[in-house]
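K.L.:
Encoded as C-alpha cells, here's the structure I'll be asking about.
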Amino acid sequence: MKKHLTKLCGRAILALSFLCAFIYQGNAQDQQTVSGSVKDANGIPLPGASIVISGTQIGTITDAEGNYRLANVPTDGRLAISYVGYEEKVIDVENNSILDIILIEDTDLLDEIVVIGYQTVKRSDIVGAVSVVDTEEMLKAPASNVGTMLQGRASGVTVTSTGSPGSTPSVKIRGINSFSGQDSPLYIVDGMFISTLGADFNPNDIKSIQVLKDAAATALYGSRGMNGVIIVTTKRGRSGPLKVDYDFYYGFQDIAKKLPLTNAEQFIEINNLAYTNNGDEPQGLRTGVDTDWQDELFQTGRITEHNLNFSGGSMNSNYFISLNYFDQKGAIIGPEFERYQIRVNSETRKGKFTFGENIAFSRSNQTRVNGNPFIDVVWMLPTIPVYDPNNESGYGYGDDNNSTFATNPIGLQEHYSNTAVTSKLLGSVYGEFQLLPFLKYKLNLGVDYAQIREKYYQRAGALRQNTPGAAFLDDRNTEFFNILAENTLTYKQEFGKHSISVLAGFTTQKDNYNYLFAHVEGLNGEFWVQNNGTASPRTEGREETAGLRSILASFNYSYDDRYTFLVNFRRDGSSKFGKDNRYANFPSLSASWRISEERFMEGVKLFSNLKIRGSWGTVGNQAIDNYATQSVLNYNQNYVLNNQVNLGATNLQLVNPNLRWESKTTTNIGLDAGFFDDKLNISADYYVADVKDLLLAVPIPLSSGNTGGDPLANVGQVQNRGLELSLDYQNNIGDFRYGISTNGTFLKNEVKALVEEAGNLPIFGTGQILRTAVGEPVASFYVLETAGIFQNQAEIDAWGVQPNARPGDVKYVDNDGNGIINFDDRAVVGKALPDFEYGLNLNFSYKGFDATAFFQGVTGNSIFNEQKWWSQRYDDNANYLVDDVYWTGEGTSNEIPKPIHLDASLNPTQNSDRYVEKGDYFRLKNLQIGYAFPMELISKVSLSKLRLYLTGQNLFTITSYTGYDPEVVGTNGNGDFLNRGFDNGNFPSLRSVIMGIQIGL
Amino acid sequence: MNKIKTIALLMVFLGTTISCEKDLLDQVNPNAPTPDTFWQTEEDAILGINAVYSGIQNRELSLWEIFDYDMRSDEGYSQSPWTDLANVGRHVNINYDFPWLLEVWRELYRTIYKANQVLENVPNIEMDETTKTRILAEAKFLRGHCYYKLATLWGRVPLVTSIEDANTRYPQGTLEEVWAVVEQDFKDAADGLPVSYTGADVGRATKGGAIGYLGRALLQQKKWAEAATEFEKIIAMVPDTYDLMPEFKDNFTEEFENNKESLFEIQFTNNNGKTGGFPTYNNASGDETSERAQFFGVRPLGWTDGQPTKWLLNQFLSEMDKDGNEDPRLYYTMTYDHPGELLYGLTYAERGAGPNDRFWRKYTNYWQDYESYFSGINTRVIRLADIYLMHAEALNELGRTPEAIPFANLVRQRSNMNELSLTLTQEEFRLQLRHDRVVELAGESVRFQDMVRYGIAGPELAGPDPGLSPSEADFDTEFQNFERGKSEYLPIPLREIDAYGGALEQNPGW
C-alpha cells in the first residue's frame, strides 16, 4: 500500500505541474489597464495586497513599494482589494486608470477567521465553546513548548509545567475527565491528529490556536474529543515579495528558591540530639565537611533560540519556511535540551484546484534528569562530601557514621547518563477541488513519524549507601508511525437570508509503534555501546498497531446571521476494543442567537455584539492500550530443576474483554457580548459534563493473583461543572495603546461512581495518600489529621487515644472515635485540583515602546510536600530546616515533634496533614518590555523591523507553600489523578531573564 | 479541463485507497499467544507448572518471608536502619503495606493464581495421563505450600481455589477453612506425586514432600494423632528413600542439594557463576539465584539485615556435646565473637564487627572470602530431621513419650550429642524437644510457628531488661511489643483491605 501511495502522490504532483502551465485567456471587452498603490491609514505601503477583478480569479498583488498594475480590467468592472488583517475594500473602476487605495486595519476580533472541526468560520459565527488564544501575546513568553506558553491564556485550560528542560507539561481541559491516564487533550496540527505536542515542536511557527471545549465543538472528533481538542495552525506566507524574519534571544535561568537547610554544624547538633533522644550514641558524624547540596546542584541555566523565517507568495501561491534552533541548559547540573527544526508550508492554487503541504522535521537532543535530585538535596547530609575519592564511584554518599539512604544528586547527573534523541516528521499534504461553486472535495493526508533513541548508562560504583552499582548500558529505540487519510466534501450555499453548510467525511487512521531494547553489563572504559559489553546481555522488543475508521457529518443552518443551528455527528470504529464494542456514535446539537442583530436592538447602543449559545452532545475517549482486551501468556517464568533453568509460561495480568469507550455528555450555555464597538468583549460559558463508563484500573484484590497494572473496567462516573469567563479590552488614547485581557476558570469536580459492584471503593494513588472517592473531588488528600504536639504526660493522658505517646510526639485525631489511631482515622484534608485558576495579561504600547505583564494563579488546591516529610521525620537521617523549631520541652513547639532517630513508633513519619500544604499561588509569569525602532530609521539599512526586548519570567510568586514551587504536576509528570499534587521532588519552575532581538527584512 | 478532472479522480481514488485497508480494525496482538491458544499440548502443561514453581522462588516471597518468620521469632532480630524493616521483628508494623509484608502476601496469591491456571486448563489437554496426573498434583502441592504460609502468617485469608472474573472478591476463610484447603491440597498432591524423580526433573515436588508437609500442617493445628500418622508414612520410607545426612552441615550448601534428608527444597542456581552487582530480575537465564546469603551475610560483604539473637547463642552454649565441646551445629548455624572465629576468612576485629555482633552462617557461603547476590544454595523447606522432631512432638503430646524420645535421639546422635534418657517425663521431654528443635532448625523458618503452637509467644519473653538490645540481653527483648491474640499474625495489607471495601476483616488487634 505504501508503494501505491508514493506512486499516486508522484502522479498527483506531476499532474499539478501540468496545471500550472495551463494558461487562462480572458474575453475581449472594453478593457483598460489600472495601476496605483495600496497603503494603510498611516500612508505606509502594503506590499503583497491582492487586487482581484470581482467575480473572476484574475488579479495581481502589490510589489514591495505597494504599487500594482493590472491589465485588461473591464471599464465597468469592480476591483476587490484585500490584505490580511485589513478590511476588504471593493471599488468600481469607472474608467479610472489610476486607483490609489487606503485599507483600514481590521481590529474587530469577531471578524477573525478561526479553524474549528474540519472547517473555518468567522469568530462571530462560533456556536460552541471555543477559546481563541492570543498567540501574539503568548509567544512573548519564551519557552521550549506550546503547553507552557498556553498556561493562563485560555479559560478552561489547566497547564502545569516544570523547569526540566525539554519536558512536556501537563495540559488538561475542563478538569480531569478520565482515570485512564489518557486525560490530555487531542492536538490537531494542520489537520494531523497527535496525542502530545512536546518540545520537539517549534512554537514560533504557530499562527493560531483554538481550544475546543464543549461537545458541540468536539463532537466531530468523536472518540478522541472527550479531553478537549487543541487546534494548532501554523503560519503561511502572505502574498508579496520575500520577507525574512529573524528572532533571537538569550537568557539566564535559575531556581528562585533555596530551602533553608542546616549546615554541618547545625546538622550535627540536631542529629546527635536525635540519636541521644533514642538512647543511642551519636553516630559519629564526619567533621570538617560542610556541603551545601543545593549550591552544589543548582547552577545558572541558560536559554537561547534562533528563529529564521522566509515567507512570501504570489496571487496563487504562498510559502513559509522556518528554521529554528533552541537550546536550554538546565538550572541544575545535568539536564539539557536542544532542538533543530525546519518547516516548509506552502500552498498553490490553480483554478478549482488547490494543493498544499505543512511539513516540519525536527531533531532534538535531551539530557534528562536522573533520579529525584530535589528530594536528595534534602535527604543528603551536609557532612557528606560531593566527591569522595575513597569510593569507587568517586562520589560521596552515606556510610555507617553519616548514614542516609539518599543518592548523591550530583553523582546521579554526572556519573549516570540519560539521553534521548528524537527525530520527528510531522505534517500533512492536502488537495482541494472545487467541484461546483458550492461543493468542495478535500483530501488530507497526515503523517506523524517519530524515532526516539534513548540511551541510559551507569558507570560502576555506588552513589547511595548499601547500594553497589555495576556498570550497565540500556539502549532503546522507539518508533511511532501514524498516518491519517481524510476525505471530506463540503457544501456551502446561501439562499437569501438562509445559509446552509454541510460537511461529510470518511477518515482512516493507522498507528504503528515498536521498540527495541538492549541491555548489557561488564563494559570497559568510556565506550557506551552494546558491543563493548561483556556480560548479561538482554534484549526486548514489541510491536503494536491500532486502526481507527470513522465517518463524520456536520449540518449548519443559519438565518440572517441571527439564528444558527449546528448538528455534528461522528461514528468511530477502533481496533482497540473487542468485536462487540467496536463502534460508537458521537452526536451533538447546538444553537446560537445573535440578539444584537435583531431589529429591536437597533436602538440599544450598549451592545455592539450580543449572542447566546447553547449546546448538548456526547464525545468519547478510547483511552486504553492496544490489545488491552486480550490477555496474553508470559514467558520467562522460569525455575531451576536439577541445577538447570527450565522455562515456564503463564498468564500474569488479568484483563476485561468487554471494555467500551468512555463517554462524556456535556451541556453548555454561553454568552458573548461586545461593548463600545467591540473594544470590550466578554465571554462566559457554564457547563455540566457527565462522564460515564470511565475506564478505570480497578484496584482488584492482590488475592486475585494479578501481576502488573490492575485490569480496566468501565466503571467510573465523574461530573465536572464549571464557569469560564474571559474579558478583553483594547483601546488607545492617541499613540498610547493599552489592553487588558483576563480569563478565569471555576471548576467543580465530583466523583459520582467508581466500582459500584464492589461498594464504590475509593482509588488510592501515590503512597495511599491521594484518594479518589465517590462524593469527593478527584484526587483528594486523605491522611491523618494532627492536633499539635503533646507537651506533657498530662496532655497524653487527657488525649487518651495514644497511650504509648511521649511528650514531644505528634498528636493525631481519632476521627472514627474507636479509641485508637490507625489508618481508619484518615480524613480528606485537601484536593489536588484548584477551584479557580486565572490569567491576567496587561499590555501597553506607546510609539515604539511596548510592555506586557502576564500574571497567573490558582487557588483552592493542596500539595503533599515530600521534602518536608524528609526534613521533619527525624527517625531516618535527612537534613533539617534551619527555621524548624522542634520540640525540646514543654511549650517549645506545637508544630514539630521531638527529634528521635530510629524512633520505632514512627510517630512523626505518618502521612498526615502536617505535610499537606495549601497550593494557592499568584505569580508574575512573564514581563516584557520592548522597543521597536522607527521605520524611518531602519528603512535606511533596508530593514522592515527591528525590535529589542527584555523578558523576565516567574519574577515573583506569592504563595504560602514551603517547598520549592507551588506549581506541582505530580509524581509522574503527567498530572493524572493518581499522582497529581504530590511534590516528590517536582522540578521547580525557573526564574528567567531573557534579552531578545527581532529583525525583519 | 480534462486534466482537472483527472486530478479530481486521482484524488478521490487516492483518498479511498488509503482509507480502505481490510482488517484495519481486527488487530491481533503480535507479541504473545493468548491463553485461548495456549494450553494445547503436554509441553504447554510443563511450561505452566514450571511457572508455578517460579512463583515460590521469587525473591519477593522466598527472601522476604524469611524476615517475616525468623526475625519475628526469638532466634532473630534486625538492626536495619530501615525502621519499617527492623520493626517487623519487633512486632510493630506501622505500615501495613511495607513491601516485605505486602509482597509476600501478593506473591503467595500470584503463585496460587498460576497453580489454579494449571488446575483448570491441564485437565483438558490431551497428553500422557501419568504426566498429567503428576502435573496436577504438583500444582496442588505448590498451592498447599502457599496456603500453609498464608495460614501461619495471616491466618484468616481469602480462599481462592478457582479462577473467576477479574473483579471477584474471593471470600475470606475462617482459620479452619484455610487449614482445610492446605490439608486437602497436600492429600491430593500426595496421591498424585511420584516418590522420586530422575535427571532433569529432580527438584519437583514429591509424594514424601506432600506427606511431610501435610503432617506439619496437622501438627500446627495440634491434630497430634493425624500428624503422627503422616509422619509414620515418611518414617516407613527410611532408609530406602530418606535418611539423615551423615553431617548436619550438608543440608545448607550447594553441595548435596536434593539429598536424602530433604523432602522439599526451593531450587536456586548460580549457573552463571556471577558475583557482586545486582541481579536483573526478568532475565531468562541469569537470576535463578538466592539473595539470602547477601541479605544476611556479614557486614560489609552482606547487608546483615537480620542477625541471630544472644538468646539463640545461649541455647547452643547451654548443652555441650558428648566430648564436652560446643554443639557442632553452632558453628554451621551462626557466628559469635570468640577466639578462632573467622568471618569469611577474617577475624571479628578485621571485619570491624563488634563483640555483640552475631551473624547467620547457615545458608551463607561462609567458606569463601566474599558474599554476593548470586548464591545457588537451595532453601530446604522440609527435611527428615524436622520430621523426626515433629513426630516426637506428636507422640509426646499423645502421651507416648517413651516412643517419642528415640526420634529426638536420632537427630542428636548425628551431631554427637548425648542421647536423652527414655525415662524423661512428658513435660521434661516437651521442654527438651523445644530446645532440640531450636538448635537443629534455627534459621529454617520454623521457630515462630513452633512458639505459637507451644503457646509461649508473649511479652514475658523480653526478660527482665527490655531496654537492652537482643544482641546484649539474654532474651529477645523485641518481644516486649508482642501482644497475645494479635502479634501471632501479621496485619493484612491495607491495600487489600481497601480493595475489599469492608468485605475483608483485619486481623484482631491490628
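Every number in this text was worked out from the coordinates using simple rules, so none of it is lab data. Please read all numbers here as calculations on a predicted model, not as lab measurements. Counting neighbours? That spans all protein chains shown, and the Cβs are built from the backbone with ideal geometry, glycine included.
K.L.:
Under 15 Å from the Cα of residue A:329, which aspartates and glutamates turn up, not counting those fewer than eight places away in the same chain?
P.N.:
Answer for residue A:329, where 15 Å is the Cα cut-off: A:254, A:305, A:338, A:414, listed by chain and number.
K.L.:
Here's something else I'd like to know. Can you give me the P(r) profile for chain B? Cα pairs, bins 10 angstrom wide beginning at 0, each as a whole percent.
P.N.:
Cα pair-distance distribution for chain B, in percent: 4, 17, 28, 26, 13, 5, 2, 2, 2, 1, 0, 0.
K.L.:
Quick one: which residues, 5 or more positions from residue A:584 or on another chain, have an amide H under 5 Å from its amide H? H modelled 1.01 Å from N in the peptide plane, none for Pro or chain starts.
P.N.:
Amide H neighbours of residue A:584: A:572.
K.L.:
Something else now. Would you list, by chain and number, the aspartates and glutamates whose Cα falls below 14 Å from the Cα of residue A:440, excluding same-chain residues fewer than 8 positions away?
P.N.:
A:432, A:486
K.L.:
Dipole of chain B, Cα-centred, from +1 at each Lys and Arg C-beta and -1 at each Asp and Glu C-beta, to the nearest 20 debye?
P.N.:
Dipole size: approximately 880 debye.
K.L.:
Going toward the positive end of the dipole of the protein assembly as shown, with +1 on Lys and Arg Cβ and -1 on Asp and Glu Cβ, which of B:94, B:338, B:385 do you reach last?
P.N.:
B:94
K.L.:
Please go through region A:594-633 and write out the GluC sites (Glu not before Pro) that DSSP classes as loop and that have at most 11 other C-beta atoms within 10 Å.
P.N.:
Here the GluC sites (Glu not before Pro) that fit, given the DSSP loop and packing criteria, are A:602.
K.L.:
Let me ask something else. Among B:132/B:222; A:122/A:692; B:149/B:362; A:692/A:868; A:172/A:918; A:576/A:831, which pairs are too far apart, with a Cα-Cα distance over 26 Å?
P.N.:
B:132/B:222; A:122/A:692; A:692/A:868; A:576/A:831
K.L.:
Another question, then. For region B:136-219, what does the equivalent ellipsoid look like in terms of its semi-axes, each the square root of 5 times an eigenvalue of the Cα gyration tensor, given largest first in whole Å?
P.N.:
Ellipsoid semi-axes (Å, largest first): 25, 15, 9.
K.L.:
When 1/r is averaged over all different Cα pairs and the result inverted, which Kirkwood radius in Å belongs to the protein assembly as shown?
P.N.:
Roughly 36.6 Å, rounded to one decimal.
K.L.:
While we're here: Relative to the longest principal Cα axis of chain B, at what angle does helix B:224-235 sit, 0 to 90 degrees, rounded to 10?
P.N.:
Relative to chain B, helix B:224-235 is tipped by roughly 80 degrees.
K.L.:
Other chains' Cβ within 10 Å of B:155-168 residues: what's the mean?
P.N.:
What the average comes to for B:155-168 is 4.
K.L.:
Then there's this: Could you state the angle between the C-alpha long axis of helix A:2-21 and the longest principal axis of the C-alpha atoms of chain A, as a value from 0 to 90 degrees rounded to the nearest 10?
P.N.:
Tilt relative to chain A: about 30 degrees.
K.L.:
Rank the residues B:505, A:432 as a footprinting-exposure proxy: fewest other Cβ atoms within 10 Å of their Cβ go first.
P.N.:
If I rank by nearby Cβ atoms, fewest first, I get B:505, A:432.
K.L.:
A further question follows. Tabulate in residue order the Karplus-calculated ³J(HN,Hα) for region B:152-164, using 6.51 cos²θ - 1.76 cosθ + 1.60 with θ = phi - 60°, rounded to whole Hz; enter x for Gly and Pro.
P.N.:
8, 8, 10, x, 8, 10, x, 9, 10, 10, 8, 10, 10
K.L.:
Using the structure shown, select from A:39/A:847; A:352/A:424; A:679/A:925 the pairs with a Cα to Cα distance greater than 23 angstrom.
P.N.:
Over 23 Å apart, Cα to Cα: A:352/A:424; A:679/A:925.
K.L.:
May I pose another question? Would you kindly derive the ³J(HN,Hα) couplings of region B:65-76 from the backbone phi angles with the Karplus curve 6.51 cos²θ - 1.76 cosθ + 1.60 (θ = phi - 60°), listing them in order in whole Hz, with x for Gly and Pro?
P.N.:
4, 4, 5, 5, 8, 7, 6, 7, 7, 7, 7, x
K.L.:
While we're looking at this one, here's another question. Rounded, prolate or oblate for region A:30-103? Axes are the square roots of the Cα gyration tensor eigenvalues, ordered a ≥ b ≥ c, and the cut-off for rounded is a/c under 1.5.
P.N.:
prolate
K.L.:
Okay, moving on. Cut-off is 10 Å between beta-carbons; in what order do B:492, A:789, A:102 appear when sorted fewest neighbours first?
P.N.:
Least crowded to most crowded, the residues run A:102, A:789, B:492.
K.L.:
Counting only other chains, and only Cβ atoms inside 10 Å, what mean value do you get across the residues of A:623-629?
P.N.:
2
K.L.:
Please work out the Cα center distance from region A:773-829 to region A:244-316, rounded to the nearest Å.
P.N.:
So the two Cα centres are separated by 36 Å.
K.L.:
Now for a separate question. If a/c stays under 1.5 just call it rounded; otherwise compare a/b with b/c (prolate if a/b is bigger, oblate if not). Do that for region A:109-240, with a ≥ b ≥ c from the square roots of the Cα gyration tensor eigenvalues.
P.N.:
Since a/c reaches 1.5 but b/c is at least a/b, the shape of region A:109-240 is classed as oblate.
K.L.:
Once both axes come from the Cα atoms, what is the angle between helix B:384-397 and the longest principal axis of chain B, in degrees from 0 to 90, rounded to 10?
P.N.:
Relative to chain B, helix B:384-397 is tipped by roughly 60 degrees.
K.L.:
Have a look at the DSSP beta bridges in the protein assembly as shown and tell me what percent are antiparallel, nearest 5.
P.N.:
Here the antiparallel bridges make up roughly 95 percent for the protein assembly as shown.
K.L.:
For residue A:946, list long-range residues whose amide hydrogen, built 1.01 Å from N in the peptide plane, is under 5 Å from its own amide hydrogen.
P.N.:
Here the answer is A:933, A:1000, since their amide H atoms fall under 5 Å of that of residue A:946.
K.L.:
Viscosity 0.692 mPa s, temperature 37 °C: Stokes-Einstein D of region B:221-265 from its Kirkwood Cα radius, in µm² per second?
P.N.:
The diffusion coefficient I find is 276 µm²/s.
K.L.:
While we're here: Amide H of residue A:332 versus every other amide H placed in the peptide plane: which residues, excluding those fewer than 5 positions away on the same chain, fall under 5 Å?
P.N.:
Residues meeting the amide H criterion: A:299.
K.L.:
A follow-up question, please. Taking other Cβ within 10 Å of each residue's Cβ, how do A:895, B:478, A:94 sort, fewest first?
P.N.:
Lowest to highest Cβ neighbour count: A:94, A:895, B:478.
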